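Data first, discussion second: the structure below is written as structure tokens.
The values are calculated or read from the model by the stated rules, or taken from the named source; none is laboratory data. Since this is a predicted model, take the numbers as computed values, not measurements. Cβ: placed from backbone, ideal geometry, glycine included. Neighbour counts: every protein chain shown. The area values use the complete protein model at the heavy-atom level, side chains included, leaving out ligands, DNA and RNA. Shrake-Rupley method; radii C 1.70, N 1.55, O 1.52, S 1.80 Å.
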Amino acid sequence: MSEPEVLLEQRDGLGLITLNRPKAINALNHSMALAITDALREWAEDDAVRTVVVTGAGERGLCAGGDIVAIHADAKSGANTADSATGQFWRDEYVLNALIGRYPKPYVVIMDGIVMGGGVGLSGHGSHRVVTERSKIGMPEVGIGFVPDVGGTYLLARTPGEIGTHVALTTARMSAGDAIAAGFADYFVASEHLPALLETLRTESADIAIAKFATDAPESALAAEQDWIDVCYGADSVEEIVARLQAHDAPGARAAATEILAKSPVALKVTLRSLRAARTAPSLEAVLNEEYRVSIASLSSHDLVEGIRAQVIDKDRDPRWSPATLDAVTDAQVDAYFAELGDRELGLRTPEVA
């Protein structure tokens, strides 16, 4: 018998969730998302559970993201609607993201190692987000022809200045210090102290237990570069952002331009529009509703199939994007990603208006 892909345990006042696909760096699939949602809903009403704790099995990371091989299979086969397996997975995943964002009890998530894409959805909306010196956090979607989702645009749009725009368009990996500076995490705990922290959570509140082990986070390289990041990424178009980066004298700016130009042009433009919209959105739920429209549109795009092929399936790292350049992407092509889905809308509402 193989082990469950999510381990759920209730003891000592804790609801313990362990993502248990270590060979896949705990990549999230549909059944895992449903199991976590069911557990969280049950524990929210259970007085015996005072704190939820989320960890990932193995040494490599909390969660490397969604199971993109399955997504690729759906997209390539033409099963690319809201009713497809992937469409249903995303629907339930985004419902989970919203549940985490408004969870009524402390939600302690250990963001050790790799935390990407769907892993950010499981962690970034929690109340107590712990990073370590091994943490590598990012939203790499535009590198596979996709657009940040799982409430990622909500988090990215609320970073200081334009740090989130830089992270989204370049797929930059954030260190522990970066993640805290950007608002993706709250506390730094050295990885050697994680076992003791988890043990202390059995007898102390989340705030007290974390305070016993948290120390000052390492300096953030992104925060140190915010001056040129804000100047360059404050533009209204991806083309102007790239032009400003190329013209800036900071080495990091020119390197960022090169990174951006290697990504899917249409995904870049859709991502920038998503980020700007998320900045003024009234709630996480509103952002998730729009992300769902964009994700479903992406599922029928050339670039998502091609991007996953190049990065994960064939691994030739040579995607053939279409359109191939930023100036070839039309406004109509971008608009299509935001089209309403009729009776297939995600339809999340904030509790105040539910």
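Its DSSP H runs of at least 4 residues, each contributing -39,500 (n - 2.57), put the calculated 222 nm mean residue ellipticity of the chain at -13000 deg cm²/dmol, to the nearest 500.
Largest GNM mean-square fluctuation among Phe213, Phe338, Phe188, using the chain with Cα springs under 10 Å: Phe213. When the Gaussian network model of the chain links Cα atoms closer than 10 Å, the mean-square fluctuations of Val242, Val108, Val312 top out at Val312.
The convex hull built on the alpha-carbon positions of segment 12-100 has an orientation-averaged projected area of 6.3 nm². Local charge for Thr81 was computed over the other residues whose Cβ lies under 10 Å away, with Lys and Arg +1 and Asp and Glu -1, and equals -1.
A compact globular protein would have a Cα radius of gyration near 2.2 N^0.38 Å; the ratio found for segment 76-199 is 1.10. Under 23 Å Cα-Cα from Lys315, which lysines qualify once same-chain neighbours fewer than 8 residues away are excluded? Partners found: Lys23, Lys76, Lys136, Lys263. Proximity of backbone amide H atoms, modeled 1.01 Å from N, is registered between Leu62 and Asp112, Ile114 at under 5 Å, excluding neighbours fewer than 5 places apart on the same chain. Computed on the Cα atoms alone, the convex hull of segment 1-155 gives a volume of 121 cubic angstrom per residue. Ordered by solvent-accessible area of protein heavy atoms (1.4 Å probe), largest first, the residues Glu59, Glu9 come out as Glu59, Glu9. Dividing the mean sequence gap of close Cα pairs (under 8 Å, 6+ apart) by how many residues the chain holds gives a relative contact order of 16 percent. When 1/r is averaged over all different Cα pairs and the result inverted, which Kirkwood radius in Å belongs to the chain? Taking the inverse mean of 1/r over all distinct Cα pairs, the chain comes out at 20.5 Å.
Quarter the surface of the alpha carbon convex hull of segment 214-284 and you get the mean projected area, 6.6 square nanometres.
Expressed in nm², what is the orientationally averaged projection area of the convex hull enclosing the Cα positions of segment 290-353?
Working: hull surface 24.8 nm².
For the Cα atoms of segment 290-353, the hull's average projected area reads 6.2 nm².
Among Asp316, Asp112, Asp47, Asp343, the order of accessible area from largest down is Asp47, Asp343, Asp316, Asp112, computed with a 1.4 Å probe on protein heavy atoms. Using R0 = 30 Å, the C-beta based FRET efficiency linking Ala214 and Thr330 works out to 0.05. Rg ratio for segment 190-310: its Cα radius of gyration over 2.2 N^0.38 Å, N being its residue count, equals 1.49. Computed over the chain with a Gaussian network model linking Cα atoms closer than 10 Å, the most mobile of Ala182, Ala75, Ala277 is Ala277.
Taking 0.36 nm per residue of separation and subtracting the current Cα-Cα distance, fully stretching the chain between Arg279 and Lys76 would add 69.8 nm.
When every Cα-Cα distance of segment 1-64 is counted in 10 angstrom steps from zero, the calculated P(r) takes the values 23, 51, 25, 2 percent.
Averaging 1/r across all pairs of distinct Cα atoms in segment 71-128 and inverting the result yields a Kirkwood radius of 12.8 Å.
Applying 0.36 nm per residue to the separation of Arg41 and Asp314 and subtracting their alpha-carbon distance, the gain on full extension is 94.3 nm. For segment 160-250, the C-alpha radius of gyration divided by 2.2 N^0.38 Å, with N the number of residues, is 1.44. The slack between Ser2 and Glu240, meaning 0.36 nm per residue of separation minus the straight C-alpha distance, is 80.5 nm. The per residue volume of the convex hull around the alpha-carbon atoms of segment 33-74 is 90 Å³.
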